[in-house]
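The values are calculated or read from the model by the stated rules, or taken from the named source; none is laboratory data. In this text the structure is predicted, and so the values were computed from the model without any measurement. For neighbour counting, all protein chains shown are included, and Cβ atoms are generated from backbone atoms with ideal geometry for every residue, glycine included. Calculation scope for accessible area: heavy atoms of the full protein, side chains included, ligands and nucleic acids excluded. Shrake-Rupley method; radii C 1.70, N 1.55, O 1.52, S 1.80 Å.
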Amino acid sequence: MDWRIYLIWLGIVSVVTLFLYGLDKVLAKAGKWRIPEIVLHFFALIGGFPGGWAGRGLFRHKIQKGVFSFVLLLSTAIHLGLGYWLFFK
């Protein structure tokens, strides 16, 4: 896999993840059905971690839950390692 394709993937999945964080925040404020946390974790783990970090900061959403910090840190580490491997292989 080409590292440029990987960067495009990260960008697309990050935008989706950011949207999901924002949507979940809106739904939470409205007292409506929420996006399951496992979905937010999944998108972070498949490459949406920049969008997850941005969503936490922009929407002040999921900042009290330690598991979100853990998943985002884990995903960041995984994808930094994968990106390094793709770029320097």
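Rolling a 1.4 angstrom probe over the chain with all protein chains present gives an accessible area of which 76% lies on carbon and sulfur atoms.
Across the options 31, 71, 7, the greatest Cα extent toward the positive end of the charge dipole of the chain (unit charges at beta carbon of Lys, Arg, Asp, Glu) belongs to 31. Over the chain, accessible surface divided per residue gives 63 Å², non-protein components excluded, 1.4 Å probe.
Output the Kirkwood hydrodynamic radius of the chain, Cα pairs only, in Å rounded to one decimal.
Details: mean 1/r = 0.0753 Å⁻¹.
Over the chain, the inverse of the mean reciprocal pair distance is 13.3 Å.
Taking the radius of gyration and the Kirkwood hydrodynamic radius from Cα positions alone, what is the Rg/Rh ratio for the stretch 11-50, to two decimal places? In the stretch 11-50, Rg relative to Rh is 1.00.
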